[in-house]
Every structure is written in C-alpha cells, then in structure tokens.
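The values are calculated or read from the model by the stated rules, or taken from the named source; none is laboratory data. Predicted, not measured: the structure shown is a model, and the values here were computed from it. Glycine gets a Cβ as well: all are built from the backbone with ideal geometry, and neighbour counts include every protein chain shown.
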Amino acid sequence: MVYRTIRPLLRAQWLAYLLVSTVALASDTAAFLALLSAGLAPAQAGAAGYSFGIVAHWILSSRLVFAPRAAPGGTARMRQKTEFIGSALIGLVLTTLIVGLGDQASTDPRLAKSAAIAVSFTATWLLRSRVVFR
C-alpha cells in the first residue's frame, strides 16, 4: 500500500533528477569539448568537465529534486554536502577511468564519454536517492 502511494513520487523525482542531470551534463560536456579542443588529454578533460557539472548538479538537485529531503543547515547540511561530493567523486572516478580506458583503446573520446555518462548517472542516482538524501 505504501509503495503504491510513493511510487508516482519516485517516478516524478527520478524524472526531475534526469532533467537536472541533463542540465549538469550540458555544462560537463561543453567544458569537456572545449578542453579537448584546447589540447587537454581526454582523461583530464573528462575529469575537469565532470567537476564543472558537479557544481551545477548540487545547486539544482538540492533545490529542485531533493528539496524536501535537503538538510536545513548546520552540521546536517555539511554532512549532506560531503556525501554529495563523495557520490560525485565516485562518478568522477568512473568517468575518468572509462574515458581513460577508451583513450588507451583508441576509442573516440566522445563515445567513451557517452558510456561514462550512463554508468556515472546510474551510480550517482542510486547513491543520492538512497544515501545522500535519504
């Protein structure tokens, strides 16, 4: 019974997270492509782009997606930010590894980045929805 009640909310929250992730991804990708064009190595460009997207994602997800579960301030808010950054770092490591491995395999960095996006999105959604904003 309870699951039936919250199921539509979870779907709506997931869709909001997807939208916020799309905006953060646009920031990430723009930085990634600009840095690639500037001659930065693909793994470093991937890491820097992802880092840029982290900032955008925190601002949007804490205010739009998980606002009802965002800590109001103080120690609880700092803990939540730290956990959010931890989840982002896991996504960053996944992104850097996947793009770096793609580069070593002579794969187009944009294809490797696309694979990294899917893996990182899934990992961070699970961490944020079940740990950070529990």
Of all residues in region 69-117, which are assigned to a loop (DSSP other than H, G, I, E, B), without any contact (Cβ under 8 Å) to a residue 40 or more places away in the chain and among the small types (Gly, Ala, Ser)? ALA71, GLY73, ALA105, SER106
Got a sec? Which of LEU33, LEU40, LEU25 is assigned to a helix (DSSP H, G or I), surrounded by fewer than 19 Cβ atoms within 10 Å (Cβ to Cβ) and not hydroxyl-bearing (Ser, Thr, Tyr)? LEU33
Considering only residues that are closer than 15 Å to GLY49 by Cβ and in contact with a helix residue (DSSP H, G or I) (Cβ under 8 Å, 6 or more places away or on another chain), which ones fall in region 75-96? ALA88, GLY91, LEU92, LEU94, THR95, THR96
Is it the case that region 47-55 has a residue that's loosely packed, with under 14 Cβ neighbours inside 10 Å and part of a helix (DSSP H, G or I)? yes
Filter region 57-74 for residues that are out of contact with any helix residue (DSSP H, G or I) (no Cβ under 8 Å at 6 or more places or on another chain) and more than 14 Å from SER21 (Cβ to Cβ); the one that is surrounded by the fewest Cβ atoms within 10 Å (Cβ to Cβ) is PRO72
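Let's see how each residue does on (1) more than 18 Å from ALA118 (Cα to Cα); (2) at pLDDT below 80; (3) of a type in the set (Lys, Arg):
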{"residue": "MET1", "(1), (2), (3)": "yes, yes, no"}
{"residue": "SER27", "(1), (2), (3)": "no, no, no"}
{"residue": "LEU36", "(1), (2), (3)": "yes, no, no"}
{"residue": "PRO42", "(1), (2), (3)": "no, no, no"}
Within region 8-22, is there a residue that is outside any helix (DSSP H, G or I) and not small (Gly, Ala, Ser)? no
Can you name every residue in region 22-41 that is touching a Gly at 6+ places or on another chain (Cβ under 7 Å) and farther than 18 Å from THR124 by Cβ? LEU35
Show the residue pairs that are 6+ apart or on different chains and have beta-carbon atoms under 9 Å apart, the first residue being within region 118-134 and under 14 Å from LEU18 (Cβ atoms), the second being in a helix (DSSP H, G or I) and among the charged types (D, E, K, R). ARG128/GLU83
